[in-house]
Amino acid sequence: MFNAKFDRRNLLRGMGYLAAGTALGGLGARRAHAQAGAGDARFLIVLTASGGASLIDSFLAIRASESANAATINTYEDSRVQSIADSPFRAIDTQGSDLGALPAPFTANQSNFVRKHKDDMMVVTCTGTSVNHAVAQKRAITGNEAWAGRTLQELVAMQYGDAFLLPNVVMATGTAYIEPGTDKSLPSYCTGEPVAQPALWPLSLHGTRGVKAPDRRFVEMARRVRDEQLDARSKFSRVFEKSPELARWRQQRAATQALETSDLITKLMLFEDSEQYPLSQHGLMESPSGRLVRDRFPKFAEDPLEAQAALAFLLLKNRVSASVTLGTSFNAVLAEGSSLGGGGLQEGDLINPPIGFDFSHQAHRGTQAMMWSRVLAAADGLIELLKAEELADGVSMWDRTMIYVATDFGRDKVRPSGSEDFGTSHHLNNGFLLVSPLVNGNKVLGGVDPDTGLTYGFDPITGAPEPGREMAEAEIYAGIAGALGIDTTGSGLPSVPAMSRNG
Amino acid sequence: MSRNPLNVAFALLFVTGCMADNVLKAEPPPDETPPVTMPPPTTNPPPAGDVVVPSNNARLKLKSGQLYAAALASGLELPRAEVCHELGLYDCVDDVHNIALGGIEPYRTGILEPLEETTVTTPIAADRVALAACTTRAERDFADLANAKLFGALVVKDGALEDVSAAPVEATIQRLYQRLVQRDATSDEVAALRDLYTEMAATPSADVAESWAAVSCYAVASTMEALFY
């Protein structure tokens, strides 16, 4: 039986650990705004495909005519597998009237994304070490503890985010992709700041704006009295002066001013002034980029992934964060106004199936198609927005950004003979999609054996395919770090120049 | 394919994922609290002779948003539903700052357990709740001081306190402490809030007494003593 609580308890515990390091130590001493030039700026978007996004149901799809075991391996009718011109990638576009037992019609498309972004796409194969969601997710961002347990997000926050207010923001709640690493030597600002509700979160970035309150000057006076006299001298504070909770609280309060003076409550506000969100009545305004992100992610109010993507862009654009983590949910998401009664769901009503990619247990192909479409749409929106933002000197933000589509693991490679509608369990063998001008674009590193559906590896130096070799999580982690220009001195990481655009 | 809605509900209820098979847990988290650097003290020294013995095992917990809002509602004699609303529409604790204030939200975000530590936004969220509640209390009391719940003892003339050193001011401060932190205010605390009024009164304002009532309440309600237990 479904027992998400047992497992997700661990994931959610992770949210707590996240917060443990988010005191933003030294934020007040750090610069309020990043002034990094294009040369030394890099941004990481970890776009999580939670539940197991299968490469042989997307860019490495196998045509039946290519396989000696076409009926029992997860191959597709030849006509369903699209080849993309001038590219090694394939794509599956599909429509369905249902998703397993769910009467939820859908249309899914991968080919448009591949045609548009193939030059920045790189698929790398990998064989993981766990088919437990939480463990595999964590290993996807630490390379199975490849470098003292540091996550990729923390690496980017440390190297490129020291001037940012919130260098590492994590929104993929309910997953271990947002757990912190285990290297306690990292500065506390590297640890992810959790965001559960992206659209409303900006309201928690200012202590007084939008609140019915006396003159701001009076509030500031009261804060000073509270912090310097009432709190500082109370018996409670003195008795518990060694409390790490109070120390963290003081530190976080000290960070408040930097957040407030940066006016993030405005810069990150997704909503427009409306009857539902009467901003102007409360002295608030939408973000100057509000319309831009709403146009790109029009369902942000009902689809958490779109809301996360919209906020992710604003965090990067405003140089608040160097790393953002967003992703598909394990929770079912239905469109506003959809009804379970009166003939089932209509097309578009089911935005996210329950347990996300993991709904492949019930309906493999439909789930993979629908979920890949969701992930690619979010990536496409972010890429378009970032391409239009100049970082410096004619270099766009996209030129310095990497999207890492992190996934837990692959799915079973076999199917009931000839079946088009089947369920799959977890499989260690799979790989990852990376999209970035920084990676070795328009390449599949490694390959897939059409007779088994298993991916094989590549030479980490040259990128040449090596049937019989399996890529380890640590190698992919190292390749990503390398493409991002992370200083890995002393890390002991392997060298994987094949994953970087310039080798 | 059947379009019976029951099928949908059934499938949603009994969807079987891989979770049941998982007996492993995620990599263990750090088993020690990350080091936190104590900001330099910005305090006046405590009164001579006021000696306390610091706890060597100081383990504190932030009140959850629900608990905090209930405490404010009780202390300020406000209906819980009127403690704080963002944009005038959305309950600050239930709808907006729930997670930052230690709540859970399993259905949309998959958050089944409260954060174990405070985040950068937690103090701000707490400030917003306290400020909204205190401002509402002051506003209502000053609209009808004769029937005020908390600030009725104050003697106000032309929007200002008639005498900040008068007994009713101390009585009001004592009520704030009794209502919000369940103890009497010390003489230092009384003096600090009186000094706050003096500082505020030097700034031109039509309703400095009401403003002082609101921000004094906010200052007490958002002390660490009021927020942690």
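Give the residues of region A:327-377 that are among the small types (Gly, Ala, Ser), more than 14 Å from chain B (Cβ to nearest Cβ) and open to solvent by less than 10 Å² (accessible area, probe 1.4 Å), sorted by residue number.
At the first step, the residues of region A:327-377 found to be among the small types (Gly, Ala, Ser) are A:327, A:329, A:332, A:335, A:337-339, A:341-344, A:348, A:356, A:360, A:363, A:366, A:369, A:373, A:377.
Still in the running and more than 14 Å from chain B (Cβ to nearest Cβ): A:337, A:348, A:369, A:373, A:377.
Result: A:Ala369, single match.
Could you check, for region A:305-326, whether at least one of its residues is open to solvent by 10 Å² or more (accessible area, probe 1.4 Å), touching a residue at least 40 places away in the same chain (Cβ under 8 Å) and among the aliphatic types (A, V, I, L, M)?
Taking every residue of region A:305-326 in turn, none turns out to be open to solvent by 10 Å² or more (accessible area, probe 1.4 Å), touching a residue at least 40 places away in the same chain (Cβ under 8 Å) and among the aliphatic types (A, V, I, L, M).
Just one of (1) part of a helix (DSSP H, G or I); (2) free of Cβ contacts under 8 Å to residues at least 40 places away in the same chain trips up B:Val164, so point out which.
Every condition holds for B:Val164 apart from (1).
Within region B:59-66, can one find any residue that is crowded, with 23+ Cβ neighbours inside 10 Å, at pLDDT 95 or above and either part of a loop (DSSP other than H, G, I, E, B) or among the small types (Gly, Ala, Ser) (or both)?
Within region B:59-66, one or more residues are crowded, with 23+ Cβ neighbours inside 10 Å, at pLDDT 95 or above and either part of a loop (DSSP other than H, G, I, E, B) or among the small types (Gly, Ala, Ser) (or both).
Could you please let me know if A:Ala301 is in contact with a helix residue (DSSP H, G or I) (Cβ under 6 Å, 6 or more places away or on another chain) and open to solvent by 40 Å² or more (accessible area, probe 1.4 Å)?
When the stated conditions are applied, A:Ala301 does not pass them.
Could you please let me know if A:Leu292 is in contact (Cβ under 8 Å) with a residue 12 or more places away in the chain, open to solvent by 30 Å² or more (accessible area, probe 1.4 Å) and part of a helix (DSSP H, G or I)?
Here the answer is yes, as A:Leu292 does meet what is asked.
From (1) more than 24 Å from A:Gly337 (Cβ to Cβ); (2) surrounded by 17 or more Cβ atoms within 10 Å (Cβ to Cβ), pick out the condition that doesn't hold for A:Phe271.
Tallying (1) more than 24 Å from A:Gly337 (Cβ to Cβ); (2) surrounded by 17 or more Cβ atoms within 10 Å (Cβ to Cβ), A:Phe271 fails exactly one: (1).
Take A:Ala213 and decide whether it is among the hydrophobic types (A, V, I, L, M, F, W, C), out of contact with any strand residue (DSSP E or B) (no Cβ under 8 Å at 6 or more places or on another chain), at the interface with chain B (Cβ under 9 Å from one of its Cβ atoms) and closer than 25 Å to B:Glu86 by Cα.
Yes.
Taking helices (runs of 4 or more DSSP H) that do not extend beyond region A:147-248, which have at least 1 residues that are surrounded by 23 or more Cβ atoms within 10 Å (Cβ to Cβ)?
Output list reads A:152-160, A:216-225.
Which of the strands (runs of 3 or more DSSP E) contained wholly in region A:65-116 include at least 2 residues that are touching a helix residue (DSSP H, G or I) at 6+ places or on another chain (Cβ under 9 Å) and closer than 21 Å to A:Leu433 by Cβ? Write out each step before concluding.
Working: elements: A:81-83, A:90-92, A:94-96, A:106-108.
Output list reads A:81-83, A:90-92, A:106-108.
Mind checking whether some residue in region A:419-434 is over 30 Å from A:Gly100 (Cα atoms) and β-branched (Val, Ile, Thr)?
So far as region A:419-434 goes, no, none of its residues is over 30 Å from A:Gly100 (Cα atoms) and β-branched (Val, Ile, Thr).
If a residue must be part of a helix (DSSP H, G or I), within 14 Å of chain B (Cβ to nearest Cβ) and open to solvent by less than 20 Å² (accessible area, probe 1.4 Å), how many such residues does region A:117-146 contain?
Qualifying residue count, region A:117-146: 9.
Let me spell it out: the conditions are (1) of a type in the set (S, T, N, Q); (2) more than 7 Å from chain B (Cβ to nearest Cβ); (3) more than 30 Å from B:Ala214 (Cα to Cα), and A:Gln257 meets all of them except one. Which number is the exception?
Condition (3) is where A:Gln257 drops out.
Quick one: B:Pro114 ticks every box in (1) within 12 Å of another protein chain (Cβ to nearest Cβ); (2) open to solvent by less than 10 Å² (accessible area, probe 1.4 Å) bar one, so which box is it?
(2)
How about region A:415-434: which of its residues are under 21 Å from A:Ala136 (Cα atoms) and either in contact with a strand residue (DSSP E or B) (Cβ under 6 Å, 6 or more places away or on another chain) or without any contact (Cβ under 8 Å) to a residue 60 or more places away in the chain (or both)?
Scanning region A:415-434 gives A:Thr424, A:His427, A:Leu428, A:Asn429, A:Asn430, A:Gly431, A:Phe432, A:Leu433, A:Leu434.
Restricting attention to region A:456-469, does a residue exist that is open to solvent by less than 60 Å² (accessible area, probe 1.4 Å), modelled with pLDDT of 95 or more and in a helix (DSSP H, G or I)?
no
Select from region A:388-425 the residues that are part of a loop (DSSP other than H, G, I, E, B) and among the acidic types (Asp, Glu) and write down the one among them that is most open to solvent (accessible area, probe 1.4 Å).
That would be A:Asp393.
Please enumerate the residues belonging to region B:187-229 that are more than 7 Å from every other protein chain (Cβ to nearest Cβ), closer than 21 Å to A:Glu241 by Cα and of a type in the set (Ser, Thr, Tyr).
B:Tyr229
With respect to B:Arg137, determine if the residue is more than 12 Å from chain A (Cβ to nearest Cβ) and within 20 Å of the chain's Cα centre (by Cα).
Here the answer is no, as B:Arg137 does not meet what is asked.
Can you confirm whether B:Ala130 is within 8 Å of chain A (Cβ to nearest Cβ) and either free of Cβ contacts under 8 Å to residues at least 40 places away in the same chain or within 19 Å of A:Arg253 (Cα to Cα) (or both)?
When the stated conditions are applied, B:Ala130 does not pass them.
For every residue, the table says whether it meets (1) among the hydrophobic types (A, V, I, L, M, F, W, C); (2) open to solvent by 10 Å² or more (accessible area, probe 1.4 Å).
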| residue | (1), (2) |
| --- | --- |
| B:Gly75 | no, no |
| B:Val93 | yes, no |
| B:His97 | no, no |
| B:Glu105 | no, yes |
| B:Val120 | yes, no |
| B:Ile124 | yes, no |
| B:Leu150 | yes, no |
| B:Ala153 | yes, yes |
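The values are calculated or read from the model by the stated rules, or taken from the named source; none is laboratory data. From a predicted model like this one, the values you see are computed outputs, not experimental measurements. Counting neighbours? That spans all protein chains shown, and the Cβs are built from the backbone with ideal geometry, glycine included. The accessibility values were calculated without ligands, DNA or RNA, using every heavy atom of the protein model including side chains. Shrake-Rupley method; radii C 1.70, N 1.55, O 1.52, S 1.80 Å.
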